[in-house]
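The values are calculated or read from the model by the stated rules, or taken from the named source; none is laboratory data. Bear in mind the structure is a predicted one, so any value in this text is a computation, not a measurement. So basically every Cβ, Gly included, is an ideal-geometry build from the backbone, and we count neighbours across all protein chains shown.
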Amino acid sequence: MAANDLTTLATLKLWLPINSTNTNDDATISRLITAVSGDFTHSAERPDLLKTSYTEVRVGDGSPQMVLYHWPITEITSLAVGSETIAVSADKVAEGYYIDSDIDPERVWNLWLAGGLSFADGQTIKIAYSAGYVQPGQMPVTGDIMLPEDIEQAVIDWCTYRYKERPNVSATARRSSDGDSEQTPLIDAPPNVLKVIERYKRTMPSLDRRQDERDLRMKSSYQFTAVNRK
C-alpha cells in the first residue's frame, strides 16, 4: 500500500467484486488505487489530506486564535509564544491552548488560547502539530480522525469506473449488440465522485485577522453610504 492511498486493495477487490484469493490483477489494481488517490488529492487541492506532522513559525497578531495551514488538527506537540512554552488548557477555560474538536473535522483548523492568553502582537509563534486523516487500513490512536467514508467511497467508485472501462480507453464509439455504432462521451470521473471532490476542495480559511477586520469595516462603510444616498 502506497503512503498516500485512500483505500485498500482488499476493500476495492470486495467492491469490484474480485475474490480475495484471485491475485492475478493485484499489481494493476494497486497501481490504479495509487493513481486515483493522487488524482483525488490533486483535484481537491488537498495533498495534506492524510495525517502528517508539521511545524509552523508565525508572527502573533494579539488574538487568542490562530488558523493553522493544515487540517483537521489532531494533536499539538508543542507551542511556544516568544520564549514561553504554552501547555494544554485543562478545560478550555484555564490558561493554555486547546483545539475546538466538537465541530465538523473539515473546520478544525483553529488553535485557541484560554485564560486571558493571546498570540502576542509581533511575537514569534512556533507550533509543532499533527493534522490530517488516518489512512484506511491503519490503526487510529487517541485523537485521530478517520478518513471520511465519502472520500474513500469516491476513490473506490472512481477506481471501479476506470478498471471496468479499460477495454474502452480512448474509445469514442462502441458497437451495440445489434451492430449499430454508438458515440460514447469520455468522462474523467463519475458525477458522484466530482461532487465529493468539490465538497472537500481546499478552501483556505483566512490567516489575516486584521485584513478581515479592514474588509468588514469597508463593507459596512459602503453599505452605510449606499443607504444614505437612497
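Quick look at the numbers
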| item | result |
| --- | --- |
| Checklist (1) touching a helix residue (DSSP H, G or I) at 6+ places or on another chain (Cβ under 8 Å); (2) at pLDDT below 95; (3) farther than 30 Å from Arg58 by Cβ applied to Cys159, failing item | (2) |
| Any hit, region 56-75, residues being in a helix (DSSP H, G or I) and either of a type outside the set (A, V, I, L, M, F, W, C) or out of contact with any Pro (no Cβ under 6 Å at 6 or more places or on another chain) (or both) | no |
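Let's see how each residue does on (1) out of contact with any His (no Cβ under 8 Å at 6 or more places or on another chain); (2) polar (S, T, N, Q); (3) not assigned by TED's automatic domain parsing to the domain that holds Lys195:
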site: Val81; (1), (2), (3): yes, no, yes
site: Glu84; (1), (2), (3): yes, no, yes
site: Val93; (1), (2), (3): yes, no, yes
site: Pro105; (1), (2), (3): yes, no, yes
site: Ala114; (1), (2), (3): yes, no, yes
site: Ser118; (1), (2), (3): yes, yes, yes
site: Gly122; (1), (2), (3): yes, no, yes
site: Gln138; (1), (2), (3): yes, yes, yes
site: Asp150; (1), (2), (3): yes, no, no
